[in-house]
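Have a look at the structure below before the remarks.
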Amino acid sequence: MPRPIRIEYEDAYYHVMNRGRNHETIFHSKEYYQAFLKTLEEAHQRFGVQILCYCLMSNHYHLLIKTPNANLGRAKKKRGADLPQKKKGSGMILHNN
């Protein structure tokens, strides 16, 4: 069943979280964390989203985002596409909650 359509609002606040499939590690080294933070910076510059706070752990992360332009979906696509991934088998690494 597909995910319901997300209604987006200007100046809304969102708690965004994502974790590795089966709680697998998604940040394998310091470079993975740095690359992810760079991607968040690029999303801010490109889409104007404001990253108010974040918590990055080895197998998941939490973001508090404000969207002045009601464009969370576009910003999330940018973030997900650029997340460094390290596969140890087949299948998806990330699981959206």
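Read-outs: derived from the displayed coordinates by stated rules, not from any lab. Keep in mind the model is a prediction, meaning the values are calculated, not measured. Note that each Cβ is placed from the backbone with ideal geometry, even for glycine, and that neighbours are counted across all protein chains shown.
This ranking places Ile65, Ile26, Ile7 by how few other beta-carbon atoms lie within 10 Å of each, fewest first, which gives Ile7, Ile65, Ile26.
Any idea what the dipole of region 13-77 comes to, in debye rounded to 20, about its Cα centre with Lys/Arg Cβ at +1 and Asp/Glu Cβ at -1? If you can, show how the numbers build up before the last one.
Numbers: 9 positive and 4 negative charges, 41 e Å.
With only Lys, Arg, Asp and Glu charged at Cβ, the dipole is about 200 debye.
Normalised by the number of residues in region 1-74, the average gap of Cα pairs under 8 Å and 6 or more apart makes the relative contact order 45 percent. In terms of surrounding Cβ atoms within a 10 Å radius of their Cβ, Thr25, Thr67 rank from fewest to most as Thr25, Thr67.
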